[in-house]
1. What are the radius of gyration and Dmax of the range 1-75, computed over its Cα atoms and given in Å?
2. Using the Cα centre of the chain as origin and beta-carbon charges of +1 (Lys, Arg) and -1 (Asp, Glu), tell me which of Cys89, Gln173, Leu126 is placed farthest towards the positive end of the dipole.
3. Considering only Arg153, Arg65, Arg54, give the residue with the highest GNM mean-square fluctuation for the chain, with springs between Cα atoms whenever their separation is below 10 Å.
4. If r is the Cβ-Cβ distance from Asn61 to Tyr17 and R0 is 41 Å, what FRET efficiency results, to the nearest 0.05?
5. For the chain, build the charge dipole from Cβ charges (+1 Lys, Arg; -1 Asp, Glu) around the Cα centre, then report which of Leu182, Leu18, Ala147 sits farthest towards its positive end.
6. Taking the Cα centre as origin and putting +1 on Lys and Arg beta-carbons and -1 on Asp and Glu beta-carbons, what dipole magnitude results for the chain, to the nearest 20 debye?
7. Stretched out fully, how many nm does the piece from Thr48 to Leu126 gain, at 0.36 nm a residue minus the Cα gap?
8. Could you list, in their original order, any pairs among Lys13/Lys132; Lys73/Lys117; Lys13/Lys73; Lys23/Lys140; Lys13/Lys87; Lys117/Lys180 whose Cα atoms are separated by more than 24 Å?
Amino acid sequence: MRPYPIELEDVRKMLEYLKDRHKVYYTVYRVMLESGARFEHVLRMIETWSPRERVEIPGTNIVTRRLVCFDDKGFCRYYMGLREGTKPCEWVYFSTETLELLGQVAPRHINRHQVRKYAERHNLVLPKYMRKVSWRLMVKAMSRETARFIQSRLGELRISEARYEDLLSEADQQYPAYLKLLEETLSPSISKV
């Protein structure tokens, strides 16, 4: 195993830097941190943003809007439904504050190489490390199984139709604790928009 020594202080400084200088990249990084989704999945979500679309989740009897918000709990989840290939992405979770940012920037194509080059040029944490940072914090706030579900680590889970619905409801219950931990750990860079 290779260690990824990313200091949370570096993440906080990076978010502060982006918040004041680049709203689009700040939004991308917030979504990655809050969801643990892969960089390419976040970019795809922003490019194909369609919150009102209704979708059926394969293998379940669930028909839902792509974007489901729980305003009383302060978060939303967006259904991606990417199961092909080796890198699946079911849901992308994020705070209602980040939803406001998404509403200002999506839909839009964002070049992944430009984001990476910007991060390198300004000595910021590279996008590919945000999933690892998110995982490290997420498992402190919720069960590992729920964190795996939220981060679409589906190869590490056995999911039947009934278990899928259980994990979805468990994720919806436990996710606010993760947002609270993020705010406590990275405040003020992750606080209200």
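The values are calculated or read from the model by the stated rules, or taken from the named source; none is laboratory data. For clarity, every value in this text was computed on a predicted model and none was experimentally measured. Glycine also receives a Cβ, built like all others from the backbone with ideal geometry; neighbour counts cover every protein chain displayed. Surface accessibility is based on the protein's heavy atoms, side chains included, excluding ligands, DNA and RNA. Shrake-Rupley method; radii C 1.70, N 1.55, O 1.52, S 1.80 Å.
1. So, for the range 1-75, Rg and Dmax equal 15.9, 44 Å respectively.
2. Value computed over the given set: Leu126.
3. Largest GNM mean-square fluctuation: Arg54.
4. 0.35
5. Of the listed residues, the answer is Leu18.
6. In total the dipole reaches around 740 debye.
7. Numbers: separation 78, 0.36 × 78 = 28.08 nm, distance 2.31 nm.
Difference between extended and current length: 25.8 nm.
8. Working: Lys13/Lys132 17 Å; Lys73/Lys117 36 Å; Lys13/Lys73 27 Å; Lys23/Lys140 28 Å; Lys13/Lys87 29 Å; Lys117/Lys180 31 Å.
Exceeds cut-off: Lys73/Lys117; Lys13/Lys73; Lys23/Lys140; Lys13/Lys87; Lys117/Lys180.
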